[in-house]
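Student: One structure, pasted below without further comment.
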Amino acid sequence: MGGQLRANASAFYYDYTDLQVSVFASAGNITTTFTTNAAEATVKGLELDLLAKPTESLDIAASLAFLDATYDRFVTPYGSCNATNVSLDARCAGRVGLPRLIDAAGNKLNNAPEFKGSISATYGINLTNGGRVSIQGAAHHQGRVYFLPANTSVMSQAAYTLVDARIGYESKAGNLAVGAFVKNLTDEDYFHNIVQFTSTSDARKDLFAIGNALGYPAAGRQWGVDVTYRFGN
C-alpha cells in the first residue's frame, strides 16, 4: 500500500514439562505459598500487529493476540481435608490433616487470557509557529484471566476494556512538550491480582478451608498534565 501499512504476524507453540507454578496450600492450621511443577502444559497462540498511516497526519496501530494455554497434567493442592469434610469429597479419603488435591488438567494457565487486543490512533496538527499538536486515543481489551490453577470464578478477573486519551503540544525546536492525559477514561473497576487466604475462612461455610478471595484493585480514572523541557542542543 505504498508504505502506508506494516503488518507483523507470529504463531507459536510451547510444550512445557515441569512448568513452575506458584500455588497456595493449607493443612490443618498451617498455610503456605510455594512453587511447584505442573507436569505438562501446552501453549498455542497467534499474534498480529498492524501499523497504518492512511494520511500524513494520522497514525493508527492495532494488535491482536489469541492464546490457548492449558495444563495437560497437573494435580495441585486446593483447600485441606479434615474430619468434617472427608466424607464430602472422595479426594480427601485417607488425607485428614493434609491438603486437598484437585486435577487441574484442561484448566487455563494463570494470567493467560484467551484474547487481548488494542487499538490506538494519533492525529497531528502542524501549527503556523512550527509547533505541533497531537491528539491520541487508545483502547485495550483483555479477556478473562484466572489467578489459580483451580480456575474458580471467584479467583478470576472478567474481561474488561480500558480507554486512554491524551492531547499534547511540542515546540518547533523540540525542547518543550506539554500534555494533558486521562487514563482509564471510563473508570473501569478491575483487579490486577487476586489471592486466597485460609486464615479468613469460616468453617461453617468454607468446608474445605479454601479461604476468602482478596482482590487487589487496579487504579481507577486518572488524569493529569506533564511538562518536559530539554536543555542543550
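Student: Go through (1) under 19 Å from residue 65 (Cβ atoms); (2) free of Cβ contacts under 8 Å to residues at least 24 places away in the same chain and name the single condition residue 152 misses.
Tutor: Only one criterion in (1) under 19 Å from residue 65 (Cβ atoms); (2) free of Cβ contacts under 8 Å to residues at least 24 places away in the same chain is unmet by residue 152, namely (1).
Student: Does at least one position in the stretch 146-155 carry a residue that is crowded, with 16+ Cβ neighbours inside 10 Å and assigned to a helix (DSSP H, G or I)?
Tutor: Yes, that holds for at least one residue.
Student: Output the residues belonging to the stretch 146-164 that are more than 12 Å from the chain's Cα centre (by Cα) and at pLDDT below 95.
Tutor: Passing the criteria: 148, 149, 150, 151, 152, 153, 154, 155.
Student: Then there's this: Take the residues in the stretch 169-218 that are surrounded by fewer than 12 Cβ atoms within 10 Å (Cβ to Cβ) and aliphatic (A, V, I, L, M), then tell me which one is modelled with the lowest pLDDT.
Tutor: Looking at the filtered set, the residue picked out is 203.
Student: Name the strands (runs of 3 or more DSSP E) wholly within the stretch 164-230 that hold at least 2 residues that are under 30 Å from residue 132 (Cβ atoms)? Lay out the reasoning, then the answer.
Tutor: Numbers: elements: 176-183, 191-197, 212-217, 222-229.
Output list reads 176-183, 222-229.
Student: In this structure, is residue 55 closer than 27 Å to residue 142 by Cα and of a type outside the set (D, E, K, R)? Talk me through it step by step, then tell me what you get.
Tutor: Working: closer than 27 Å to residue 142 by Cα: no; of a type outside the set (D, E, K, R): yes.
Here the answer is no, as residue 55 does not meet what is asked.
Student: Sticking with this one: Could you tell me whether any residue of the stretch 46-63 is out of contact with any Cys (no Cβ under 8 Å at 6 or more places or on another chain), at pLDDT 95 or above and either surrounded by fewer than 12 Cβ atoms within 10 Å (Cβ to Cβ) or closer than 30 Å to residue 101 by Cα (or both)?
Tutor: Within the stretch 46-63, not a single residue is out of contact with any Cys (no Cβ under 8 Å at 6 or more places or on another chain), at pLDDT 95 or above and either surrounded by fewer than 12 Cβ atoms within 10 Å (Cβ to Cβ) or closer than 30 Å to residue 101 by Cα (or both).
Student: Name the one entry in 98, 88 that is surrounded by 15 or more Cβ atoms within 10 Å (Cβ to Cβ) and at pLDDT below 95.
Tutor: Values: 88 fails: surrounded by 15 or more Cβ atoms within 10 Å (Cβ to Cβ).
Just a single option satisfies the conditions, and that option is 98.
Student: Residue check: is residue 73 farther than 26 Å from residue 8 by Cβ, buried (at least 16 other Cβ atoms within 10 Å of the Cβ), charged (D, E, K, R) and in contact (Cβ under 8 Å) with a residue 24 or more places away in the chain?
Tutor: On the way: farther than 26 Å from residue 8 by Cβ: yes; buried (at least 16 other Cβ atoms within 10 Å of the Cβ): no; charged (D, E, K, R): yes; in contact (Cβ under 8 Å) with a residue 24 or more places away in the chain: yes.
Spelling it out, it is not the case that residue 73 is farther than 26 Å from residue 8 by Cβ, buried (at least 16 other Cβ atoms within 10 Å of the Cβ), charged (D, E, K, R) and in contact (Cβ under 8 Å) with a residue 24 or more places away in the chain.
Student: Only residues in the stretch 178-197 that are under 23 Å from residue 153 (Cα atoms) and in contact (Cβ under 8 Å) with a residue 12 or more places away in the chain count as the first member; pair them with residues that are among the β-branched types (Val, Ile, Thr) and assigned to a strand (DSSP E or B), Cβ under 9 angstrom, at least 6 apart or cross-chain, and list the lot.
Tutor: Once the first residue is under 23 Å from residue 153 (Cα atoms) and in contact (Cβ under 8 Å) with a residue 12 or more places away in the chain and sits in the stretch 178-197, its partners that are among the β-branched types (Val, Ile, Thr) and assigned to a strand (DSSP E or B) give 188/161; 188/163; 195/33; 197/31.
Student: Condition (residue is at pLDDT below 95 and charged (D, E, K, R)) applied to the stretch 221-231: is it met by at least one residue?
Tutor: yes
Student: Then there's this: If you go through the stretch 121-136, how many residues are surrounded by fewer than 16 Cβ atoms within 10 Å (Cβ to Cβ) and of a type outside the set (A, V, I, L, M)?
Tutor: So the count comes out to 5.
Student: Right, here's the next one. From the list 46, 98, pick out the single residue that is touching a residue at least 24 places away in the same chain (Cβ under 8 Å) and within 30 Å of residue 121 (Cα to Cα).
Tutor: On the way: 98 fails: within 30 Å of residue 121 (Cα to Cα).
46 is the lone residue from the list that is touching a residue at least 24 places away in the same chain (Cβ under 8 Å) and within 30 Å of residue 121 (Cα to Cα).
The values are calculated or read from the model by the stated rules, or taken from the named source; none is laboratory data. The shown structure was predicted, so the numbers you read here are calculated from the model rather than taken from an experiment. Glycine also receives a Cβ, built like all others from the backbone with ideal geometry; neighbour counts cover every protein chain displayed.
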